[in-house]
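The values are calculated or read from the model by the stated rules, or taken from the named source; none is laboratory data. Since the model is a prediction, treat every value here as computed from it, not as a measurement. Methodologically, a virtual Cβ is constructed for each residue, glycine included, from the backbone with ideal geometry; neighbour enumeration extends over all protein chains shown.
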Ligand code: XBP
Ligand code: MG
């Protein structure tokens, strides 16, 4: 029997709906500032989410949706510059406080923190974006709630590769069976499952049709007392919102005997 020691949280789409209203407009602002006529609308952005990582996504866009663009000679630097500008716009949007945490997230993080449950952030997004989201929603010391912030380019192979989860577990000195992962997308769960970590999904508009058959639970959101989640897959043992008691129960049932 394994003990639950750590909760590993994805960021974009899981903690907050950052993709449509945060990353996407930030990319568009960076394109406009650079004098490019590229516009990523909501539908196109949904297709671009097939690739994780902002720099990787820009390259994917040019390969698949804008082949007529003639790439500058120093193409990698061009993409890096564009992406750095996108990060600045993203930080500005977060500072304006327009992107709230998803339902139930703050409650669960507070509960886990109060009860001494170890937590980590495991994401493909740039570290500065994690800082911007956490500090603007939870307060200036929010990053310290997490023992490890595994983000961005610290591993070359981004999700759906498991590397970022391996990195986080190594730095926390925990085994996969001692963790539970929280994700919102197919790329996310492919990564966590490839790292052998049981996973709870909260879906969002971009990911509701993704393949989540490998998940222990698929929920509409984390829910709140009086604002219950909808259960799309799995057993919630009569619970109406996601808290440490339910997570511990799910984990216990998985690793009993
Ligand atoms: C989110 C991503 C990222 C963001 C953009 O992954 O795929 O690419 O969309 O971030 P996760 P950057 O859900 O694992 O957080 O532009 O900083 O790469
Ligand atoms: Mg995600």
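The residues on offer are 157, 168, and the sole one that is free of Cβ contacts under 8 Å to residues at least 40 places away in the same chain and either away from ligand 2 (no atom under 16 Å from the Cβ) or farther than 22 Å from residue 50 by Cβ (or both) is 157. Could you tell me whether residue 63 is touching a strand residue (DSSP E or B) at 6+ places or on another chain (Cβ under 8 Å) and either within 10 Å of ligand 1 (Cβ to nearest atom) or modelled with pLDDT of 95 or more (or both)? It is false that residue 63 is touching a strand residue (DSSP E or B) at 6+ places or on another chain (Cβ under 8 Å) and either within 10 Å of ligand 1 (Cβ to nearest atom) or modelled with pLDDT of 95 or more (or both).
Quick one: would you say residue 155 is away from ligand 1 (no atom under 11 Å from the Cβ) and either at positive phi or out of contact with any strand residue (DSSP E or B) (no Cβ under 6 Å at 6 or more places or on another chain) (or both)? Yes; evaluated as a whole, the condition is true for this residue. Quick check: is even one residue across the stretch 10-25 more than 28 Å from residue 108 (Cα to Cα), within 15 Å of ligand 1 (Cβ to nearest atom) and touching a residue at least 40 places away in the same chain (Cβ under 8 Å)? Yes, that holds for at least one residue. Just one of the listed residues (113, 107) is out of contact with any helix residue (DSSP H, G or I) (no Cβ under 7 Å at 6 or more places or on another chain), under 20 Å from residue 243 (Cα atoms) and surrounded by fewer than 18 Cβ atoms within 10 Å (Cβ to Cβ), and it is 107. Restricting attention to the stretch 229-244, the residues that are touching a helix residue (DSSP H, G or I) at 6+ places or on another chain (Cβ under 7 Å) and surrounded by 13 or more Cβ atoms within 10 Å (Cβ to Cβ) total 5.
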